[in-house]
Amino acid sequence: MRYLASLIAASLLLAGTTHAEEHEGRRLAMPAKVNAAWKTECGSCHMAYPPGLLPGRSWNALMDNLSHHFGSNASLDKGTEAEIRQFLLYASSDRDTRPAKAAPGERIVTRITDTARFADWHEEVRADVFRRQSVGSAANCMACHRGAEQGNFDEHQVRIPR
């Protein structure tokens, strides 16, 4: 009887660990200390996307082309640019130790919506959902992911607007 109780307890513990690991990859925790320049500069036009959504090579490509940032000139002074780049590289997905990190050798992607991880996580979302007026586009993470600004993309907290 004692053996059976121990076996059940161990099974429950492992099941809980597996469940937590399954959802951990969708919670892209922000670094404990968020860079103020990144939050201010990147957040002035759009959500300041969590650095863990892209690998360092992608952040470098974005930072190298700020004068042509998706149709806008987002140029920064050299000091601010260096500070933000350092923060993005420090917290990028290839520095992440969780299973959902970017695969090495993946092509350089500068749109989060073009990443394999985005496609995997949104495979059940119809394209017309992203075109809804209440959503706007696939780049508007906050429309459905209420914790997006904190780097939380847990599917159990998603609310898709009508």
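The values are calculated or read from the model by the stated rules, or taken from the named source; none is laboratory data. All of these numbers come straight from a predicted model, not from anything done at the bench. Please note: Cβ atoms are built from the backbone with ideal geometry, for glycine as well, and neighbour counts cover all protein chains shown.
Couple of notes before you dig in:
- Taken over the stretch 132-162, the criterion of being farther than 27 Å from residue 57 by Cβ, in a loop (DSSP other than H, G, I, E, B) and small (Gly, Ala, Ser) is satisfied by 134, 136.
- Only a single criterion out of (1) buried (at least 17 other Cβ atoms within 10 Å of the Cβ); (2) at pLDDT below 95 is not satisfied by residue 38, namely (2).
- Any chance residue 129 is assigned to a helix (DSSP H, G or I) and either modelled with pLDDT of 95 or more or surrounded by 14 or more Cβ atoms within 10 Å (Cβ to Cβ) (or both): yes
- Scanning the stretch 43-89 for residues that are in contact with a helix residue (DSSP H, G or I) (Cβ under 8 Å, 6 or more places away or on another chain), in contact (Cβ under 8 Å) with a residue 60 or more places away in the chain and not in a helix (DSSP H, G or I) gives 47, 48, 49, 50, 54.
- If you go through the stretch 41-55 and pick out every residue that is crowded, with 18+ Cβ neighbours inside 10 Å and under 15 Å from the mean Cα position of the chain (by Cα), you end up with 9.
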